[in-house]
Amino acid sequence: MRKIIIDTDIGVDDAFAVRYGSLVFDLIGITTVNGNCTANMATQNAKLFCSHYKKNIKVYKGASRPLVEPPSPPSFDIHGKDGLGGVYDNPFDDKAPNAIEYLINNVKENPGEITVIAIGPLTNIAIALNLYPDFAKDIKELVIMGGAFGFNGHNGNMSHFAEFNIYSDPHAADIVMQSSMPITILPLDVTNKVQITAKEVANTNDEFLKNISKFYIDFSLKQKIFHDMAVHDALTIAYLVNPQAFTTIKKPCRVITSGIAKGQTVIPRDERVAPNDCFLGLKEHTICIDVDVNAVKEHLLNTLKI
(Lines give C-alpha, C1' and ligand atoms only; values in the text may rest on other atoms or scores of the structure.)
Protein backbone atom coordinates (compact mmCIF):
# COMPACT_ATOMS: atom_id res chain seq x y z
CA MET A 1 0.00 0.00 0.00
CA ARG A 2 1.26 3.49 -0.87
CA LYS A 3 2.74 5.30 2.16
CA ILE A 4 1.67 8.95 2.33
CA ILE A 5 2.34 12.00 4.47
CA ILE A 6 -0.24 14.79 4.23
CA ASP A 7 1.12 18.32 4.70
CA THR A 8 -1.85 20.51 5.55
CA ASP A 9 -3.22 23.78 6.93
CA ILE A 10 -6.20 21.67 7.89
CA GLY A 11 -9.48 23.37 7.08
CA VAL A 12 -12.76 21.86 5.91
CA ASP A 13 -11.80 20.54 2.47
CA ASP A 14 -8.43 19.47 3.90
CA ALA A 15 -10.30 17.27 6.39
CA PHE A 16 -12.11 15.57 3.51
CA ALA A 17 -8.73 14.90 1.87
CA VAL A 18 -7.17 13.56 5.07
CA ARG A 19 -10.15 11.28 5.70
CA TYR A 20 -10.13 10.05 2.08
CA GLY A 21 -6.37 9.48 2.16
CA SER A 22 -6.55 7.60 5.46
CA LEU A 23 -9.09 5.17 3.96
CA VAL A 24 -7.29 4.30 0.73
CA PHE A 25 -3.59 4.63 1.61
CA ASP A 26 -1.22 4.11 4.54
CA LEU A 27 -1.26 7.59 6.10
CA ILE A 28 1.85 7.52 8.26
CA GLY A 29 1.93 11.16 9.38
CA ILE A 30 0.26 14.56 9.23
CA THR A 31 2.41 17.68 9.07
CA THR A 32 0.87 21.11 9.61
CA VAL A 33 1.59 24.54 8.16
CA ASN A 34 0.27 28.08 8.38
CA GLY A 35 -2.46 28.80 5.82
CA ASN A 36 -6.24 28.42 6.21
CA CYS A 37 -5.52 28.70 9.91
CA THR A 38 -2.37 29.12 11.98
CA ALA A 39 0.08 26.23 12.29
CA ASN A 40 -0.90 25.97 15.97
CA MET A 41 -4.60 25.71 15.10
CA ALA A 42 -3.88 23.26 12.29
CA THR A 43 -1.97 21.08 14.76
CA GLN A 44 -4.92 21.09 17.18
CA ASN A 45 -7.31 20.33 14.31
CA ALA A 46 -5.20 17.42 13.09
CA LYS A 47 -5.19 15.96 16.61
CA LEU A 48 -8.98 16.41 16.84
CA PHE A 49 -9.36 14.64 13.48
CA CYS A 50 -7.24 11.67 14.58
CA SER A 51 -9.07 11.42 17.89
CA HIS A 52 -12.51 11.50 16.28
CA TYR A 53 -11.67 8.72 13.83
CA LYS A 54 -9.62 6.79 16.41
CA LYS A 55 -6.58 6.94 14.14
CA ASN A 56 -3.13 6.46 15.63
CA ILE A 57 -1.49 8.90 13.23
CA LYS A 58 1.27 11.17 14.55
CA VAL A 59 0.94 14.91 14.04
CA TYR A 60 3.92 17.23 13.47
CA LYS A 61 3.93 21.04 13.56
CA GLY A 62 5.56 22.95 10.74
CA ALA A 63 6.17 26.51 9.59
CA SER A 64 4.21 29.25 11.35
CA ARG A 65 4.77 31.82 8.59
CA PRO A 66 5.79 32.07 4.92
CA LEU A 67 9.46 32.28 3.89
CA VAL A 68 9.37 35.98 2.94
CA GLU A 69 5.80 37.32 2.98
CA PRO A 70 4.05 38.31 6.21
CA PRO A 71 1.60 35.63 7.29
CA SER A 72 -1.89 36.14 5.88
CA PRO A 73 -4.81 36.15 8.33
CA PRO A 74 -6.64 32.82 8.80
CA SER A 75 -9.60 32.16 6.50
CA PHE A 76 -12.19 32.24 9.28
CA ASP A 77 -14.83 33.61 6.92
CA ILE A 78 -14.59 30.44 4.82
CA HIS A 79 -13.59 27.70 7.27
CA GLY A 80 -15.06 29.01 10.52
CA LYS A 81 -13.46 30.37 13.69
CA ASP A 82 -11.30 27.28 14.21
CA GLY A 83 -10.74 26.20 10.60
CA LEU A 84 -13.18 23.31 10.97
CA GLY A 85 -16.53 25.06 10.84
CA GLY A 86 -16.57 26.10 14.50
CA VAL A 87 -18.76 23.19 15.62
CA TYR A 88 -16.49 21.13 17.87
CA ASP A 89 -14.83 21.97 21.17
CA ASN A 90 -11.16 21.18 20.70
CA PRO A 91 -9.49 19.90 23.88
CA PHE A 92 -6.08 19.38 22.25
CA ASP A 93 -2.96 21.53 22.63
CA ASP A 94 -0.74 22.72 19.81
CA LYS A 95 2.42 20.94 20.94
CA ALA A 96 3.94 18.57 18.38
CA PRO A 97 7.37 17.47 17.10
CA ASN A 98 9.02 19.38 14.25
CA ALA A 99 7.35 18.70 10.90
CA ILE A 100 10.32 19.57 8.70
CA GLU A 101 12.65 17.24 10.59
CA TYR A 102 10.01 14.52 10.28
CA LEU A 103 9.62 15.04 6.52
CA ILE A 104 13.37 14.98 5.92
CA ASN A 105 14.08 11.97 8.14
CA ASN A 106 11.21 9.91 6.77
CA VAL A 107 12.10 10.51 3.14
CA LYS A 108 15.82 9.97 3.84
CA GLU A 109 15.22 6.69 5.67
CA ASN A 110 12.73 5.37 3.08
CA PRO A 111 14.07 6.49 -0.31
CA GLY A 112 11.60 6.09 -3.15
CA GLU A 113 8.77 5.00 -0.83
CA ILE A 114 7.10 8.14 0.55
CA THR A 115 4.51 10.21 -1.30
CA VAL A 116 4.00 13.66 0.20
CA ILE A 117 0.62 15.27 -0.44
CA ALA A 118 0.79 19.04 0.03
CA ILE A 119 -2.64 20.63 0.43
CA GLY A 120 -1.57 23.89 2.06
CA PRO A 121 1.14 26.48 1.35
CA LEU A 122 4.44 24.87 0.36
CA THR A 123 6.58 26.38 3.12
CA ASN A 124 7.50 23.09 4.84
CA ILE A 125 8.45 21.45 1.55
CA ALA A 126 10.66 24.36 0.48
CA ILE A 127 12.48 24.40 3.83
CA ALA A 128 12.98 20.63 3.65
CA LEU A 129 14.50 21.03 0.17
CA ASN A 130 16.81 23.80 1.36
CA LEU A 131 17.99 21.83 4.39
CA TYR A 132 18.27 18.50 2.59
CA PRO A 133 18.62 18.91 -1.21
CA ASP A 134 18.44 15.12 -1.70
CA PHE A 135 14.83 15.35 -0.54
CA ALA A 136 14.05 15.81 -4.26
CA LYS A 137 15.82 12.56 -5.11
CA ASP A 138 14.60 10.47 -2.19
CA ILE A 139 10.89 11.30 -2.31
CA LYS A 140 8.64 9.00 -4.34
CA GLU A 141 6.35 11.83 -5.47
CA LEU A 142 4.98 15.20 -4.39
CA VAL A 143 1.30 15.82 -5.15
CA ILE A 144 0.19 19.43 -4.76
CA MET A 145 -3.23 21.05 -4.57
CA GLY A 146 -2.47 24.54 -5.77
CA GLY A 147 -2.19 26.98 -8.60
CA ALA A 148 -4.39 28.00 -11.50
CA PHE A 149 -3.47 27.98 -15.18
CA GLY A 150 -6.57 29.33 -16.92
CA PHE A 151 -7.79 26.08 -18.46
CA ASN A 152 -11.58 25.67 -18.60
CA GLY A 153 -11.89 29.34 -17.68
CA HIS A 154 -10.59 28.76 -14.15
CA ASN A 155 -8.16 31.29 -12.73
CA GLY A 156 -7.20 32.41 -9.23
CA ASN A 157 -9.30 32.65 -6.09
CA MET A 158 -7.06 35.13 -4.24
CA SER A 159 -6.55 37.41 -7.22
CA HIS A 160 -7.34 37.24 -10.92
CA PHE A 161 -4.15 35.19 -11.23
CA ALA A 162 -3.36 33.32 -8.01
CA GLU A 163 -4.76 30.43 -5.99
CA PHE A 164 -4.70 30.60 -2.17
CA ASN A 165 -2.04 27.97 -1.33
CA ILE A 166 0.48 29.34 -3.82
CA TYR A 167 -0.37 32.98 -3.10
CA SER A 168 0.16 32.42 0.64
CA ASP A 169 3.85 31.58 0.12
CA PRO A 170 4.88 32.23 -3.49
CA HIS A 171 8.60 32.10 -2.74
CA ALA A 172 8.30 28.62 -1.25
CA ALA A 173 6.15 27.50 -4.18
CA ASP A 174 8.71 28.74 -6.72
CA ILE A 175 11.51 26.88 -4.93
CA VAL A 176 9.44 23.68 -5.00
CA MET A 177 8.42 24.07 -8.66
CA GLN A 178 12.06 24.55 -9.70
CA SER A 179 13.13 21.35 -7.95
CA SER A 180 13.85 18.07 -9.67
CA MET A 181 11.41 15.98 -7.64
CA PRO A 182 8.50 14.29 -9.46
CA ILE A 183 5.55 16.65 -8.96
CA THR A 184 1.88 16.42 -9.88
CA ILE A 185 -0.20 19.59 -9.59
CA LEU A 186 -3.98 19.63 -9.03
CA PRO A 187 -4.90 23.28 -9.76
CA LEU A 188 -8.20 25.13 -9.61
CA ASP A 189 -8.62 24.23 -13.28
CA VAL A 190 -9.80 20.79 -12.11
CA THR A 191 -10.64 21.23 -8.42
CA ASN A 192 -13.29 23.88 -9.15
CA LYS A 193 -15.14 21.34 -11.30
CA VAL A 194 -15.72 18.73 -8.58
CA GLN A 195 -18.42 19.90 -6.19
CA ILE A 196 -20.57 17.94 -3.77
CA THR A 197 -23.89 18.85 -2.19
CA ALA A 198 -24.85 18.95 1.48
CA LYS A 199 -27.14 16.00 0.78
CA GLU A 200 -24.27 14.00 -0.73
CA VAL A 201 -22.15 14.72 2.35
CA ALA A 202 -25.04 13.67 4.61
CA ASN A 203 -25.44 10.44 2.63
CA THR A 204 -21.92 9.38 3.65
CA ASN A 205 -23.29 9.05 7.22
CA ASP A 206 -20.08 10.69 8.41
CA GLU A 207 -21.25 13.10 11.12
CA PHE A 208 -17.86 14.78 11.48
CA LEU A 209 -17.63 15.72 7.79
CA LYS A 210 -21.30 16.68 7.70
CA ASN A 211 -20.97 19.00 10.69
CA ILE A 212 -17.73 20.74 9.70
CA SER A 213 -18.89 21.32 6.11
CA LYS A 214 -22.06 23.30 6.99
CA PHE A 215 -20.23 26.63 7.48
CA TYR A 216 -18.13 26.09 4.35
CA ILE A 217 -21.15 25.27 2.17
CA ASP A 218 -23.14 28.21 3.55
CA PHE A 219 -20.28 30.59 2.74
CA SER A 220 -20.01 29.29 -0.82
CA LEU A 221 -23.74 29.64 -1.43
CA LYS A 222 -24.01 33.11 0.13
CA GLN A 223 -21.03 34.42 -1.82
CA LYS A 224 -22.24 32.65 -5.00
CA ILE A 225 -18.72 31.21 -5.37
CA PHE A 226 -19.99 27.69 -6.11
CA HIS A 227 -23.40 26.11 -6.42
CA ASP A 228 -22.25 23.45 -3.92
CA MET A 229 -19.03 22.62 -2.05
CA ALA A 230 -15.74 22.30 -3.93
CA VAL A 231 -13.57 19.58 -2.41
CA HIS A 232 -10.30 21.00 -3.73
CA ASP A 233 -7.81 19.12 -1.57
CA ALA A 234 -9.48 15.72 -1.90
CA LEU A 235 -8.56 15.68 -5.60
CA THR A 236 -4.93 14.97 -4.67
CA ILE A 237 -6.07 11.62 -3.31
CA ALA A 238 -8.46 11.09 -6.23
CA TYR A 239 -5.57 11.53 -8.67
CA LEU A 240 -3.43 8.92 -6.92
CA VAL A 241 -6.37 6.51 -6.79
CA ASN A 242 -7.41 6.95 -10.42
CA PRO A 243 -5.00 9.02 -12.55
CA GLN A 244 -6.90 7.90 -15.67
CA ALA A 245 -9.76 10.19 -14.57
CA PHE A 246 -7.55 13.23 -15.22
CA THR A 247 -6.30 14.90 -18.38
CA THR A 248 -2.72 16.04 -17.88
CA ILE A 249 0.09 17.92 -19.60
CA LYS A 250 3.82 17.89 -18.87
CA LYS A 251 5.37 21.32 -18.44
CA PRO A 252 7.95 23.08 -16.29
CA CYS A 253 6.33 25.55 -13.91
CA ARG A 254 7.37 28.73 -12.11
CA VAL A 255 5.62 31.04 -9.65
CA ILE A 256 5.55 34.83 -9.82
CA THR A 257 6.69 36.09 -6.43
CA SER A 258 5.82 39.80 -6.49
CA GLY A 259 3.71 42.45 -8.18
CA ILE A 260 0.11 42.35 -9.30
CA ALA A 261 0.41 38.72 -10.43
CA LYS A 262 2.00 37.49 -7.18
CA GLY A 263 1.27 33.81 -6.70
CA GLN A 264 0.48 33.08 -10.33
CA THR A 265 1.63 29.68 -11.57
CA VAL A 266 3.09 30.06 -15.06
CA ILE A 267 4.10 27.56 -17.75
CA PRO A 268 5.57 27.97 -21.25
CA ARG A 269 2.66 28.31 -23.68
CA ASP A 270 4.56 27.58 -26.89
CA GLU A 271 7.82 26.09 -28.13
CA ARG A 272 9.52 29.34 -29.11
CA VAL A 273 12.98 29.98 -27.72
CA ALA A 274 12.90 33.09 -25.53
CA PRO A 275 16.02 35.21 -24.95
CA ASN A 276 15.15 35.25 -21.24
CA ASP A 277 13.97 31.69 -20.65
CA CYS A 278 12.94 31.29 -17.01
CA PHE A 279 12.13 27.61 -17.64
CA LEU A 280 15.52 26.64 -19.08
CA GLY A 281 16.73 23.32 -17.70
CA LEU A 282 13.77 22.81 -15.39
CA LYS A 283 12.08 19.45 -14.93
CA GLU A 284 8.66 19.01 -16.50
CA HIS A 285 5.90 18.35 -13.97
CA THR A 286 2.51 16.72 -14.42
CA ILE A 287 -0.25 19.34 -14.46
CA CYS A 288 -3.90 18.27 -14.39
CA ILE A 289 -6.06 20.37 -16.70
CA ASP A 290 -9.34 18.42 -16.86
CA VAL A 291 -11.17 15.74 -14.90
CA ASP A 292 -13.91 13.12 -15.21
CA VAL A 293 -16.12 14.67 -12.56
CA ASN A 294 -18.54 11.75 -12.21
CA ALA A 295 -15.78 9.16 -11.80
CA VAL A 296 -14.01 11.19 -9.13
CA LYS A 297 -17.17 12.02 -7.19
CA GLU A 298 -18.43 8.45 -7.24
CA HIS A 299 -15.23 7.01 -5.79
CA LEU A 300 -14.84 9.81 -3.24
CA LEU A 301 -18.40 9.58 -1.89
CA ASN A 302 -18.47 5.77 -1.87
CA THR A 303 -15.16 5.66 -0.01
CA LEU A 304 -16.28 8.20 2.61
CA LYS A 305 -19.54 6.36 3.25
CA ILE A 306 -19.80 4.83 6.73
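Within segment 258-305, can you find the residues that are farther than 30 Å from V18 by Cβ and in contact with a Leu (Cβ under 8 Å, 6 or more places away or on another chain)? Break it down into steps so the answer makes sense when it comes.
Within segment 258-305, the subset farther than 30 Å from V18 by Cβ is 258-261, 268-282.
Residues satisfying the conditions do not exist here.
Quick one: how many residues across segment 137-154 are more than 12 Å from L103 (Cβ to Cβ) and either of a type in the set (K, R) or more than 17 Å from the chain's Cα centre (by Cα) (or both)?
Our first condition is that a residue be more than 12 Å from L103 (Cβ to Cβ); within segment 137-154, this holds for 137, 140-141, 143-154.
Cutting the leftovers down to either of a type in the set (K, R) or more than 17 Å from the chain's Cα centre (by Cα) (or both) gives us 137, 140, 150-154.
So the answer is 7.
Among C278, C288, C253, which is the only one that is hydrophobic (A, V, I, L, M, F, W, C) and more than 19 Å from I117 (Cα to Cα)?
Values: C288 fails: more than 19 Å from I117 (Cα to Cα); C253 fails: more than 19 Å from I117 (Cα to Cα).
Only one candidate passes the filter, namely C278.
Can you tell me which residue is surrounded by the fewest Cβ atoms within 10 Å (Cβ to Cβ) among those in segment 54-92 that are out of contact with any Phe, Trp or Tyr (no Cβ under 7 Å at 6 or more places or on another chain) and of a type in the set (D, E)? If you could, list the steps in order and put the result at the bottom.
Here is the first cut: in segment 54-92, the ones out of contact with any Phe, Trp or Tyr (no Cβ under 7 Å at 6 or more places or on another chain) are 54-59, 61-76, 81-84, 87-92.
Add one more test, that the residue is of a type in the set (D, E), and what stays is 69, 82, 89.
Details: E69: 19, D82: 21, D89: 6.
If we take residues in segment 54-92 being out of contact with any Phe, Trp or Tyr (no Cβ under 7 Å at 6 or more places or on another chain) and of a type in the set (D, E), then D89 is surrounded by the fewest Cβ atoms within 10 Å (Cβ to Cβ).
Could you check segment 57-74 and list, in sequence order, the residues that are within 20 Å of I6 (Cα to Cα), assigned to a loop (DSSP other than H, G, I, E, B) and either at pLDDT below 95 or of a type in the set (S, T, Y) (or both)?
S64, P74, listed by residue number.
Restricting to segment 102-146, name every residue that is in a loop (DSSP other than H, G, I, E, B) and either at pLDDT below 95 or under 19 Å from C37 (Cα atoms) (or both). Before you say what the answer is, go through the steps one by one.
As a first pass, look at segment 102-146 and keep what is in a loop (DSSP other than H, G, I, E, B): 110-113, 119-122, 132-134, 139-140, 146.
Within segment 102-146, I119, G120, P121, L122, G146 qualify.
Show the residue pairs that are 6+ apart or on different chains and have beta-carbon atoms under 7 Å apart, the first residue being within segment 207-230 and over 19 Å from K297 (Cβ atoms) and buried (at least 19 other Cβ atoms within 10 Å of the Cβ), the second being modelled with pLDDT of 80 or more and among the polar types (S, T, N, Q).
Close Cβ pairs satisfying both conditions: none exist.
Mind checking which residues of segment 241-261 are among the hydrophobic types (A, V, I, L, M, F, W, C), within 20 Å of V176 (Cβ to Cβ) and out of contact with any helix residue (DSSP H, G or I) (no Cβ under 8 Å at 6 or more places or on another chain)?
I249, A261
Collect the residues in segment 149-171 that are over 14 Å from I119 (Cα atoms), at pLDDT 90 or above and either part of a loop (DSSP other than H, G, I, E, B) or among the aromatic types (F, W, Y) (or both), keeping them in residue-number order. Lay out the reasoning, then the answer.
From segment 149-171, those over 14 Å from I119 (Cα atoms) are 149-162, 170-171; that's our starting set.
Subsequent filtering for residues that are at pLDDT 90 or above retains 149-151, 159-162, 170-171.
Selection gives F149, G150, F151, S159, H160, F161, A162.
Before we move on, is V296 at pLDDT 95 or above and either in contact with a Lys or Arg (Cβ under 8 Å, 6 or more places away or on another chain) or assigned to a helix (DSSP H, G or I) (or both)?
Yes, satisfied.
Suppose we filter I196, I166 for residues that are in contact (Cβ under 8 Å) with a residue 24 or more places away in the chain and over 21 Å from P121 (Cα atoms); which single one remains?
Values: I166 fails: over 21 Å from P121 (Cα atoms).
After applying the criteria, what remains is I196.
What number goes with the only condition from (1) in a strand (DSSP E or B); (2) out of contact with any Asp or Glu (no Cβ under 7 Å at 6 or more places or on another chain) that Q244 does not pass?
Going through (1) in a strand (DSSP E or B); (2) out of contact with any Asp or Glu (no Cβ under 7 Å at 6 or more places or on another chain) one by one, Q244 breaks only (1).
The values are calculated or read from the model by the stated rules, or taken from the named source; none is laboratory data. The shown structure was predicted, so the numbers you read here are calculated from the model rather than taken from an experiment. Note: ideal-geometry Cβ built from the backbone for every residue, glycine included; neighbour counts use all protein chains shown.
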